[in-house]
Amino acid sequence: MKRLLAHRQFGCPSRSLVARSPALPALCNNVIPGYRYYSAEKHDDTTLGEIGDKARSTAEEFLRVAKEKTDDVTESAKETLHETKEAVVGESDDEKEKFKRREEEGRHYSEVVVAGVERFVYKGVASNIVTFLTDVVKMSTSSAAKSVSTWNGVTSMLPLASAILADSFWDRYSTITVSSLLYIVGLVGLTSWAVLHSWMPSSLLFLPLYLISVGQGGYNPSLQAFGADQLLSEDDMESLPAEQKNQVKSLFFQWWYFGICSGSLLGNSIMSYIQDMFGWGLGFAIPCGVMVLSVVAFCCGTPLYMCNEQNTGNRPSDSIFRVLKEIVTCLITRKVRLPARDDDHDISELELEEKALKDEFTDMKEAKDDHDTAPSVTNAILRLLPIWTTLLIFAVIFQQPMTFFTEQGTLMNHKVGSFVIPPAMLQSSTTMSVILLMPLYDKIFVPLMRVFTREEKGITVLQRIGIGMVLSVAAMVTASIVESKRLHFVSEGDGATHQLSIFWLLPQYILLGVADVFTVVGMQEFFYTQVPSTMRTIGIALYLSVFGFGNFLGAFLIEVLETMTARTGEGHGWFSDDPRQEHLDKYYWFLAFIGTVSFVFFTYLCKYYNEPEAPGTGR
């Protein structure tokens with residue numbers, strides 16, 4: 001019995017079992033090396049221990065060899081599958097890389113070209129609209145300036161609403177498509193009114209104008225954010241170092257502005273000449289036709305675009321309205337302190353520690369989603385509001401070339417021999433200065449400043465904005481001096497009204513163009529990078545809303561100053577239709593003064609502003 005129990009303990013067959021199964025000893029000897037069938041008469045305890053050790057080692061060896069063979073088969077299967085896939089697709093790695101590079105270049109070029117064409121269309125209408133209102137609609141100078149300022153203000157404010165639509169309910173591609181159709185309908189209506197204005201009431205003119213505003217308000221910010229999406233995929237951007245990532249974004253916004261300035265240059269120069277020489281019907285029909293071709297070209301490039309589909313569970317639609325509610329509550333109660341830094345990451349970590357343990361991937365995903373919640377977005381927008389406010393005066397100055405600069409040119413000598421220069425054509429000098437200075441900014445200014453500041457981009461974004469604000473003040477001082485000189489010529493006699501050449505206006509136009517290179521490009525990058533990644537269209541809309549509110553503020557200032565100065569000027573204010581009585585020089589000095597005050601507040605706020613480094617902001 002003792003011997004039988006020993007047999008069973010080590011997994012060996014008993015004598016009775018062997019007797020019934022004569023083939024079992026041979027099987028054990030073949031399967032397990034070192035196994036020796038034994039009888040009761042030849043039993044040895046040492047032999048039993050050897051059998052157990054050899055059995056265990058044999059099993060381990062069997063598992064090791066089986067695992068190696070399985071890994072070899074799996075790897076071989078993977079290689080075979082990869083080779084088969086390569087044979088089916090018919091593309092080598094080099095060909096794929098070339099195709100990817102061509103695809104990315106196609107996306108970049110197409111977006112910049114489409115943006116430039118849109119600027120050609122818009123500037124072809126807006127640059128000379130004040131002349132259209134005074135000559136065709138027969139408005140006064142101040143009324144035309146206020147109407148244009150209000151129209152530009154609405155055009156620049158509507159991107160806020162369209163951005164919420166693009167980021168929350170639709171997508172950027174759909175918003176671009178729908179808004180471009182509204183854009184075209186407005187252009188068709190404006191062209192029809194210009195051709196049939198003798199039989200149409202003047203009040204009906206503003207319907208197509210504001211329809212253009214609705215279309216442009218949805219088209220412009222969505223197109224710019226969509227173009228930024230084509231720059232690099234999110235995976236590629238994550239793999240780049242922080243400095244290189246910021247440099248890529250900075251270059252994108254810089255060359256994007258270069259593209260739209262090229263379109264603006266053609267719109268200002270070509271269309272203003274056609275409108276003055278060949279009539280307003282043709283002058284508005286050409287932008288309409290060009291816009292149609294632009295939309296068709298954009299739709300044809302759809303297969304090349306990289307559309308970032310938003311997760312429906314992570315759309316910011318609900319948080320946007322919570323953000324607005326929190327902002328209003330904060331401004332009313334004034335109990336919330338604007339944070340210098342975004343501390344939401346610390347809060348998210350504390351909340352995660354209180355929850356049950358989860359896997360690392362889930363924790364990282366929830367931490368990322370928590371960053372885009374309403375409190376963090378509220379803090380981001382509240383942090384931007386003071387900077388946003390100080391830029392409003394720059395926006396007021398920015399609109400002067402489309403209003404009083406153009407009207408100022410009509411009162412000067414704009415003939416060169418037999419060639420008549422349309423006053424609105426001088427707006428092209430602003431865009432020309434931008435086009436010429438943009439490459440110099442990259443090749444000369446940035447490397448030079450990098451030596452002193454050790455900044456990858458030469459100067460910070462806020463420093464870039466501040467330099468442009470100073471240049472805009474210098475432009476207003478220059479404009480005031482030129483206007484004073486023009487009034488001096490007018491006071492000499494009736495025949496001296498147009499003695500001063502229109503080219504005296506070039507310095508103020510060029511100074512504003514240089515200011516654009518710094519401030520406008522800096523504003524685009526600043527507002528795009530300071531909001532969460534899911535709300536980048538709203539970031540572009542915040543940048544555009546500066547000019548919207550600035551236009552409203554400009555119209556309000558004109559109304560107030562006209563009322564106040566008319567009381568003390570015997571019925572003639574600063575904006576009189578009589579070129580002898582108007583004083584645009586004083587208005588320009590006023591803008592220079594409030595622009596200086598705005599710059600002082602801007603520099604003060606920049607000392608206490610810290611850019612967020614959160615992942616959600618895309619920094």
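Quote to one decimal, in nm, the extra length available between PHE169 and ILE594 on full extension: 0.36 nm per residue of separation minus the C-alpha distance between them. Write down the numbers at each step before the final one.
Numbers: separation 425, 0.36 × 425 = 153.00 nm, distance 3.99 nm.
Stretched fully, the PHE169-ILE594 segment lengthens by 149.0 nm.
So what's the net charge close to SER272: Lys and Arg +1, Asp and Glu -1, counting the other residues with Cβ under 15 Å from its Cβ? Show your work: numbers first, answer last.
Working: positive: ARG119, LYS123; negative: ASP135, ASP276, GLU407.
Residues near SER272 contribute -1 overall.
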*Near THR141, within a Cβ-to-Cβ distance under 9 Å, what is the net charge of the other residues, with Lys and Arg +1 and Asp and Glu -1?*
-3
*asked:* Give me, ordered by chain and number, the residues 5 or more places off SER576 or on other chains with an amide H under 5 Å from its own placed amide H.
replied: GLU582, HIS583
*Sorted by packing (mean other beta-carbon atoms within 10 Å per residue), highest first, where do 122-131, 589-598, 411-420, 548-557 land?*
122-131, 548-557, 589-598, 411-420
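For every other residue with a beta carbon closer than 13 angstrom to the beta carbon of PHE590, add +1 if it is Lys or Arg and -1 if Asp or Glu, then tell me the sum. Before the final figure, lay out each step's value.
Working: positive: LYS586; negative: GLU483, GLU562, ASP585.
That sum, taken over residues with Cβ under 13 Å, equals -2.
Every number in this text was worked out from the coordinates using simple rules, so none of it is lab data. Worth saying up front: this structure is predicted, and the values here are computed from it rather than measured. No Cβ is skipped: glycine too gets one built from the backbone with ideal geometry, and neighbour counts run over all protein chains shown.
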